[in-house]
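One structure is given here, and the rest of the page talks about it.
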Amino acid sequence: MAGVAQETGTSERFAKQLKAELTSRYREGTQFDVLDIEDYRAEQCLAGEQLVFFLMATYGDGEPTDNAAEFYSWLTKAAQRAEGEEGEKLLEGVSFGVFGLGNKQYEHFCAVGKRVHKALTQLGATPVVRRGDGDDDEDIEADFELWRTDLYASLDKSALVSNQEGRDAATLVLAVDKVASYEESDRCCVHVELDISGTGLSYEAGDHVGIHAQNSAAVVEQMADLLGLPLDTVFRLTVPEGNPGELSTPFAGPTTLRTALAWHADVLSPAHKPALQALAAFGGEGLEAARLRHLVSPAGKEEYQEWVASCNRSLLEVMAAFPSVKPSLGAFFGCIAPRLQVRFYSISSSPLQHPTSIHVTCAVIRETTPTGRLHEGVASRMLQQARVGQELPIFVRRSSFKLPASPATPLIMVGPGTGLAPFRGFLQERAALAAAGTTLGPAHLFFGCRQRACDFIYQDELEHFVRCGALTRLHLAFSRDSAQKDYVQHHLERSAADTWALISQAGGHIYVCGDAKAMARDVHRSLLTIAQQQKQAGSEEDAEQFIKQLADAGRYQRDVW
């Protein structure tokens with residue numbers, strides 16, 4: 001079989017790298033496929049596979065990415081059934097490996113990879129290598145490299161693959177999911193309204209808008225200079241004959257170099273080892289090529305970590321440091337520059353008030369990297385500089401982060417900074433319902449920012465929501481307005497009795513949106529503390545079980561990044 005992944009992100013890049021290495025290592029005895037998990041019919045096909053690897057990213061609140069959701073749901077439910085039905089081993093005879101992608105700063109580090117590995121084992125499949133956990137906060141490249149080393153050592157000893165002629169071909173499936181990308185900073189943000197009239201787009205409060213980002217003209221021009229080609233160069237990327245399935249074209253053609261660099265090449269993200277290795281092939285035997293080869297070698301591991309990884313040195317910076325190395329356009333767009341990813345934002349409006357527009361509350365990224373380079377967020381810069389009448393390519397992604405079916409259900413919303421975005425949509429919806437005579441349940445919003453004077457976004461509108469009854473109480477935390485830090489979780493704990501009454505007696509829903517690394521984790525701990533205290537001498541285990549029951553019932557939802 002032959003196939004390629006069609007999604008973007010780290011998991012796709014790792015899958016293609018793994019496929020290339022496996023093809024080279026076991027070329028005579030095994031066939032390899034890279035498939036998007038969304039396109040793989042696991043329920044019909046997985047039990048018949050001989051060897052399968054899953055590269056699984058964890059998204060948001062410990063959940064699978066959108067295109068992995070259906071597979072994940074089927075697999076975990078099948079594993080649960082297997083626990084209660086002795087002898088039912090649907091995947092007996094299937095060998096597998098799992099590499100999870102995540103970030104240790106998040107509460108549910110590589111949770112999806114861990115659960116997929118456990119579920120496969122429960123269904124009778126046999127792991128051929130230890131589960132890999134990749135930490136994007138440290139060095140996910142090194143984590144993947146160590147996992148691959150263990151994998152090859154295991155496969156070399158097994159009968160699953162062979163490089164000898166005459167052996168029956170095995171089939172390897174790489175199931176890849178996409179990573180969605182969010183950006184956050186509370187120093188500056190912009191409000192953008194996107195006119196969707198006549199586009200056929202529709203949305204609900206709580207949905208996400210996907211925006212195709214575009215590199216700035218300055219970045220495009222600098223990159224073209226490094227490639228040594230004029231921006232009006234017209235080219236088309238094609239797959240070499242006789243090499244089906246090994247490569248895929250990242251975009252349709254023909255196109256100009258200006259357009260390709262603007263919309264398709266991610267040159268501002270940190271450069272990865274495979275990119276440096278591919279670059280070295282275009283440097284001949286010169287000193288710069290030798291230096292690149294050293295950086296990606298085992299001997300150069302510490303230098304790579306110091307010069308590239310620790311400094312977040314971008315692909316653009318790397319190529320500027322090695323000006324004699326000029327890759328072909330096919331190599332640059334095919335295996336050196338990652339694809340520029342879609343940016344997703346929580347929609348900050350309600351169609352009940354704004355049926356023909358989608359509002360975006362975007363934090364503007366502008367910071368100096370350790371190398372001294374001014375780094376600006378690709379999408380946030382584009383939105384900040386957008387002008388009335390300018391067209392932007394967007395689409396709507398449905399979300400489960402929704403208001404309860406009954407407007408009378410009590411709400412507790414926690415959203416500091418731009419985490420306020422979906423709750424602005426919720427409150428617009430409630431205001432419209434109240435104006436129509438609908439009876440609303442109580443709603444509490446916990447909002448925080450650095451300083452009231454300059455960071456209190458949508459202040460007038462939030463105060464209006466209180467006056468019109470859409471919002472029962474607005475809890476405010478300004479972390480820099482006093483000597484003692486003041487955060488939303490502190491206000492949540494101060495309102496412990498009211499919070500507990502709403503969720504334990506009135507069936508209220510809790511929503512948290514924003515930073516997963518600190519805020520969401522601290523809010524979760526505060527909820528556990530409230531549950532433990534209000535249950536009067538209840539144990540920590542009881543509190544954790546109570547919060548888990550809320551989450552399982554859909555009454556505790558988090559849209560975090």
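A few notes on this one:
- Cβ pairs under 7 Å, 6+ apart, first in the range 204-219 and small (Gly, Ala, Ser), second surrounded by fewer than 17 Cβ atoms within 10 Å (Cβ to Cβ): Gly210/Phe395; Gly210/Arg397
- Residue within the range 389-400 that is closer than 30 Å to Gln557 by Cα, surrounded by fewer than 19 Cβ atoms within 10 Å (Cβ to Cβ) and at pLDDT 95 or above present: no
- Failed condition for Ala477, given (1) touching a Leu at 6+ places or on another chain (Cβ under 8 Å); (2) small (Gly, Ala, Ser); (3) assigned to a strand (DSSP E or B): (1)
- When the residues of the range 114-139 are filtered to those that are β-branched (Val, Ile, Thr) and more than 22 Å from the chain's Cα centre (by Cα), the one that is nearest to Arg81 (Cα to Cα) is Thr121.
- Subset of the range 358-403 [in a loop (DSSP other than H, G, I, E, B), small (Gly, Ala, Ser) and either touching a Pro at 6+ places or on another chain (Cβ under 6 Å) or within 12 Å of Cys189 (Cβ to Cβ) (or both)]: Gly377
- Checked across the range 221-237, the condition of being at pLDDT 95 or above, of a type outside the set (A, V, I, L, M), in contact with a Lys or Arg (Cβ under 6 Å, 6 or more places away or on another chain) and surrounded by fewer than 17 Cβ atoms within 10 Å (Cβ to Cβ) holds for at least one residue.
- Among the residues of this structure, Gly554 counts as one that is under 27 Å from the mean Cα position of the chain (by Cα), assigned to a loop (DSSP other than H, G, I, E, B) and surrounded by fewer than 17 Cβ atoms within 10 Å (Cβ to Cβ).
- From the list Tyr487, Tyr458, the lone residue that is touching a Pro at 6+ places or on another chain (Cβ under 8 Å) and touching a residue at least 12 places away in the same chain (Cβ under 8 Å) is Tyr487.
- Whichever residue in the range 370-388 is modelled with pLDDT under 85 and of a type in the set (D, E, K, R) and, among such residues, is farthest from the chain's Cα centre (by Cα): Arg387
- Residue check: His475 meets all listed conditions (1) within 30 Å of Ala262 (Cβ to Cβ); (2) in contact with a strand residue (DSSP E or B) (Cβ under 8 Å, 6 or more places away or on another chain); (3) surrounded by fewer than 22 Cβ atoms within 10 Å (Cβ to Cβ) but one, namely (1).
- Of the helices (runs of 4 or more DSSP H) entirely within the range 230-317, those holding at least 1 residues that are under 18 Å from Ala337 (Cβ atoms) occupy 257-263, 273-280, 287-295.
- Residue within the range 480-501 that is in contact with a Lys or Arg (Cβ under 7 Å, 6 or more places away or on another chain), on the phi < 0 side of the Ramachandran plot, surrounded by 15 or more Cβ atoms within 10 Å (Cβ to Cβ) and part of a helix (DSSP H, G or I) present: no
- Under the condition of being within 14 Å of Leu268 (Cα to Cα) and over 18 Å from the mean Cα position of the chain (by Cα), the residues counted in the range 342-369 number 4.
- One residue stands out among those in the range 122-165 that are touching a residue at least 12 places away in the same chain (Cβ under 8 Å) and among the hydroxyl-bearing types (Ser, Thr, Tyr): the one that is surrounded by the most Cβ atoms within 10 Å (Cβ to Cβ), which is Ser162.
The values are calculated or read from the model by the stated rules, or taken from the named source; none is laboratory data. Not measured: the values here are computed from a predicted model. Heads up, the Cβs are rebuilt from the backbone with ideal geometry, glycines too, and the neighbour counts pull from every protein chain shown.
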